1. What Rg and what Dmax come out for the stretch 81-159 when only alpha-carbon atoms are used, in angstroms?
2. Rounded to the nearest 500, what is the 222 nm mean residue ellipticity of the chain from helices alone, with -39500 (n - 2.57) per DSSP H run of 4+ residues and division by all residues?
3. With a 10 Å radius around each residue's Cβ, average the other Cβ atoms per peptide and rank 57-65, 148-156, highest first.
4. State, as an integer percentage, the relative contact order of the stretch 10-53 based on alpha-carbon contacts under 8 Å between residues 6 or more apart.
5. Enter the angle in degrees (range 0 to 90, nearest 10) between the Cα long axis of helix 107-121 and the first principal axis of the Cα atoms of the chain, meaning the one along which they spread out most.
6. Restricting to bridges with both residues inside the chain, how much of the DSSP beta-bridge set is antiparallel, in percent to the nearest 5?
7. Under the Karplus relation 6.51 cos²θ - 1.76 cosθ + 1.60, θ = phi - 60°, what is the ordered set of whole-Hz ³J(HN,Hα) values for the stretch 136-145, x standing for Gly and Pro?
8. Going by C-beta contacts inside 10 Å, put Tyr35, Tyr22, Tyr92 in order with the fewest on the left.
Amino acid sequence: MRKSGRQRDEGFALSVFDKAPYITVGMMRPDGTPYAIPLSIVRKDPRTFYFHCAGEGEKLDCLKVNPVVSLSAVSRCKPVFETETSNFTEHYDSAVAVGRAVLVEDNEEKTEALRLLCRRFLPDYMDHFDEAVARSLDRTTIVRITLTEPPVGKSKGFV
């Protein structure tokens, strides 16, 4: 008998997003083909996520045509051989969500998003934050993703 992962609540899904080193963002290219890329993303609140990027490129080309995105993350993953059943499987914590992406134009919100990103990924260097933002804010693009439905989490094998 095959064991599948069990559905978890929204809080669990958000914790997976918070722990995952990268979140894969799926979107649609202008020609209708899929495009997905792992990004360093931070969550502001239960419905708001941010990432930063250059002012041009494939991500932005996709979002201009269709701002609907999917988010996918795995925060823990461990291949397992279950000796009692001779079964190869994987234990994991994962989450998915759907949202709408928009470019952030307001410098205050851009700065807030960058501060959240730096606190998440480089907290020991926050004393350099203001100087770095003053140097690069105008050439940094911030994308806000607002979830349009509750995120879904799944877990298998971990307690």
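1. 19.6, 59
2. Helices in the chain give a 222 nm mean residue ellipticity of -7500 deg cm²/dmol.
3. Ranked from most to least packed, the peptides come out as 148-156, 57-65.
4. Answer for the stretch 10-53 is 29 percent.
5. 40
6. Taking every DSSP beta bridge within the chain, about 100 percent pair in antiparallel fashion.
7. 10, 4, 5, 9, 9, 9, 10, 10, 9, 10
8. Least to most surrounded, the residues fall as Tyr22, Tyr35, Tyr92.
Every read-out reported here was derived from the displayed coordinates using simple, explicitly stated rules and does not represent laboratory data. Source: prediction; values computed, not measured. Ideal geometry is used to build each Cβ from the backbone, glycine not excepted, and the neighbour counts take in all protein chains shown.
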